[in-house]
Structure formats: structure tokens, C-alpha cells
Amino acid sequence: MHRQRRVVVAGASLAGIRTAETLRDRGFDGEVVLVGAEKRLPYDRPPLSKAVLGGQASPDDIQLLSADRLAALDLDLRLGRRARALDPAGKTLELDDGEPLAYDQLVIATGSAPWMPRDWDLFQGVYPLRTVDDCLAIRSALQGSPRVAVVGGGFLGSEVASTARRLGCDVVLIQPLAAPMARILGSEIALACAEVPLAAGVRLVCGSSAEGFDGGARVERVRLRDGRMIDADVVVVGIGARPVTDWLAGSGVHISDGVLCDHRCATSVADVYAAGDVARWFNPLFEQTMRVEHWTNASEQGAFVARALLDGGRSGSYSPVPFVWSEQYGVKIEIAGVPQPTDRIRIVEGTLAEQRFVALYEREERLTGVVALNSTRSMLKYRRLLAQSGSRGERVDAPSISS
């Protein structure tokens, strides 16, 4: 490799860090410029809704790189700076202060940002959760055991509700579907899992979504679309995230709910790749495009993109089995593959009643996903099976156990 070759990585969270690490680990000795919107050194995000929010860990505990490792990587860090525009013809990335950064190859890893409806952030006491600063603000607000409303019943909202309840707060979880996580798990499995927060003392308000808030300068109530009012001193909003792609307008990079990529994570523009929450790529294993907002994918995709930069076509295709896990209320839930609520669901180990089970999701007699509750060892087996089969796999014959 020649020293003058420069790779610019726009985004300094997990996907960007893994790209930079893998480049160095595979012998790249050119320049690696890492641009990050936050002034903090890169850190891990999953602990924000659990250990950091609950006070068991500090921001320093979740840094992705030690001081020694950071020095060894020899990165040109541009923290507290955002990508503002891309000029593929001139192979230049413009930063928010107007500085142009020339690149030989560019990796887009700008991640996602929380959805927040207009005017919701006008009330004091209403918080998203994406950054360390968000987390510390919520942690401070939870002191004194206030009434907490969590808007959104996905993984993030469920984890925040679990942590707030453990801290002694009166917690209400608001979810428009039949139960938390029903959008992924389907109603039957989600309703079974809902017994866990209920047993912990969390109130579930399902079947209606938040329309807005009432109060003075500070939030006092959550207003639901069906007319109900939920009293709250603190509101945490976790209703999804959007890929950060606005800065790519006019660049020629194709955008559709993320940066569109091929099976090698290459975009529509030469020498530009994408990784992490922002990337929507074609996964040959499941024969579909997907955008995955989970830790495992960000780590694996960042490493793959680095190999693609160095090896070209020899890197092959990025064909992972999507995987995510969550710890809530003392239980562990894991999801692998691409399960859909409309899939046929079979319980093959354990039972829903005992809150320890493995559920297979099948579509047209093909295995598409696996959900496991407190069954990590079994999940490893089925993840390997999904990796071997993908969308073309044969039906999995396992003894069905009545729930």
C-alpha cells in the first residue's frame, strides 16, 4: 500500500470504528480519517439504555477503543464535525465548517437519528435516547422515582422501561400494537413476552399511540390518539430511527430508506461504500435488500467494508444472518434472521408459559427466523442453520411442543 492513499470514514460509531480497525489489522498503511459528529471518543451504544442509564457504568466504561489501541491505529480523528456534502466527481467530502476532505475511498457510516415528531421536543422532560448526553439527561431526570412514560415498545423502549422500573420509577409503556415488540415477533409471541414487564410492575398501554403532550413548560401528560391521558413527569420517546442521509442530497448516491448498496456494500457512486444503520444492501443469503439497526450488523458490516476496500471483488458478498439480543427484566431475548409477524410460528423447545422457549418462523415452508427467550445455547444452533440455508433452506424438522 502507498502512504498517500486516503480512506475517509464519515461516522465514528461502531461501524466506522470497525472499518478503521480492520483496515489497520489487515495491513493498510495509508491515511484513515474518521469523522464523528460527537465530540466524545467513540463509544458503545447498547449500554446506554441499560448499564449507563441504571448507573452501573459510566461513559468512560463504554468507550470502544482504549488509549493504547487508539494510538496504535494512527487515525486522523475529526470529532465534533459532521459531513455536510459529498462531491463524487472531485472525490471530496465537505465538513460542516466548510473544510473539504479529499478521499480515495469513502465509507458512509453516519448511522441513524431518533424519530421525534415536530413540537414534541418543545416540552421539558421529553427525551430521545441516542447519545451519551441523552442518556445522562434521562438518568438525572429519573432521580426521585418520577412517573415515567415510555413511548414505543421496541427493544429500546422496552429496555428503558426495564431500567426505569428497576430504579423504582412508576413506569407506563405505550405501544400502538397488541404488545411490545409485536411488530417483529407477531402477536402470539409478543403477548407471551408481555407477561415479563407486567410481572415487574410495568403498566402496558397498548392499542393506541401517543398524539402529543400536555402541560406547561414541562410535560405533565401524554395524550393518546384514542383520547386517553397518561400522567407523566418524564417521557422517553423510542418510536424508531431514520438513517442520516440528508447530507447526501444531490451527490448521486442512491437513497431509499438508507444508502442503497449492492451485495458488496458498494453504493451507486464509484469508491463509496456504506456500513451500519445507514446502509441498505442486498443480502444474497435471504435474496432481499435490508437495513439493520443492530450492534452485530454494524460491527460485521464495518469489517466487511474494510475488506472490500482492500480486496475488491475478492471480498465476496456480505451475506450475514441478522442477529440482535436484548436483556429486559432479568430475561434475555434473541432474534436471528428476518422473522415477520405473518410467518408461520412453531415452538420447538420450551413453552411460552414457562418463559423459556425457541420459536421458528417459517415462510412458504422455509426457515426465515428464530426467536429465543432464555435459550442462548439453542439459539447458536439455529443461527448456524440459518447461515447454511437462508431463504432457500429446507423446512426444519424439530419436535413441536405445545404452548
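The values are calculated or read from the model by the stated rules, or taken from the named source; none is laboratory data. Everything numeric in this text was worked out from a predicted model, so none of it was measured. Neighbour counts run over all protein chains shown; Cβ positions are idealised from the backbone, glycine included.
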Problem set entry | Yes/no for residue 75 being farther than 28 Å from residue 97 by Cα, at pLDDT 95 or above and surrounded by 18 or more Cβ atoms within 10 Å (Cβ to Cβ) | no
Problem set entry | Test result for residue 200, outside the structural domain of residue 30 (by TED's automatic domain parsing) and at pLDDT 95 or above | yes
Exercise. Does region 281-329 hold any residues that are on the phi > 0 side of the Ramachandran plot and free of Cβ contacts under 8 Å to residues at least 60 places away in the same chain, and which are they?
Worked result: 312, 316
Problem set entry | Number of positions in region 298-307 that are out of contact with any Leu (no Cβ under 8 Å at 6 or more places or on another chain) and either crowded, with 24+ Cβ neighbours inside 10 Å or not assigned by TED's automatic domain parsing to the domain that holds residue 13 (or both) | 3
Exercise. Taking region 352-381 on its own, how many of its residues are closer than 15 Å to residue 332 by Cα, in a strand (DSSP E or B) and in contact with a Ser or Thr (Cβ under 7 Å, 6 or more places away or on another chain)?
Worked result: 4
Exercise. How about region 41-92: which of its residues are among the charged types (D, E, K, R) and closer than 30 Å to residue 168 by Cα?
Worked result: 44, 45, 50, 60, 61
For this session: Check 244, 236, 219, 148 and return the single one that is surrounded by 15 or more Cβ atoms within 10 Å (Cβ to Cβ), closer than 19 Å to residue 124 by Cβ, of a type outside the set (Gly, Ala, Ser) and under 19 Å from the mean Cα position of the chain (by Cα).
Result: 236
Exercise. Any idea which of 157, 144, 168, 153 is touching a residue at least 40 places away in the same chain (Cβ under 8 Å) and part of a loop (DSSP other than H, G, I, E, B)?
Worked result: 153
Seminar exercise, completed: Every listed condition ((1) in a loop (DSSP other than H, G, I, E, B); (2) under 21 Å from the mean Cα position of the chain (by Cα); (3) touching a residue at least 60 places away in the same chain (Cβ under 8 Å)) holds for residue 270 save (2)
For this session: Name every residue in region 289-324 that is under 25 Å from residue 47 (Cβ atoms), aromatic (Phe, Trp, Tyr) and in contact with a His (Cβ under 9 Å, 6 or more places away or on another chain), in order of residue number.
Result: 323
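One line per residue, one yes/no per condition, for (1) of a type in the set (A, V, I, L, M); (2) in contact with an Asp or Glu (Cβ under 8 Å, 6 or more places away or on another chain):
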residue: 181; (1), (2): yes, no
residue: 199; (1), (2): yes, no
residue: 220; (1), (2): no, yes
residue: 236; (1), (2): yes, no
residue: 250; (1), (2): no, no
residue: 260; (1), (2): yes, no
residue: 293; (1), (2): no, yes
For this session: Sort out which residues of region 90-135 are exposed (fewer than 15 other Cβ atoms within 10 Å of the Cβ), small (Gly, Ala, Ser) and in a strand (DSSP E or B), and write them in order of number.
Result: 102
For this session: Out of the residues in region 160-193 that are small (Gly, Ala, Ser) and under 21 Å from residue 338 (Cα atoms), state the one that is surrounded by the fewest Cβ atoms within 10 Å (Cβ to Cβ).
Result: 187
Exercise. Say we look at region 16-66 and pick out the residues that are polar (S, T, N, Q) and touching a residue at least 24 places away in the same chain (Cβ under 8 Å); which of these is nearest to residue 143 (Cα to Cα)?
Worked result: 49
For this session: Filter region 330-377 down to residues that are surrounded by fewer than 19 Cβ atoms within 10 Å (Cβ to Cβ) and at positive phi, then give me how many there are.
Result: 5
Exercise. Under the condition of being of a type outside the set (Phe, Trp, Tyr) and part of a loop (DSSP other than H, G, I, E, B), which residue from region 309-328 is farthest from residue 292 (Cα to Cα)?
Worked result: 316
Exercise. So which residues in region 3-34 are part of a strand (DSSP E or B) and in contact with a Leu (Cβ under 7 Å, 6 or more places away or on another chain)?
Worked result: 7, 8, 9, 10, 32, 33, 34
Exercise. Failed condition for residue 78, given (1) in contact with a Pro (Cβ under 9 Å, 6 or more places away or on another chain); (2) in a strand (DSSP E or B), with all others met?
Worked result: (1)
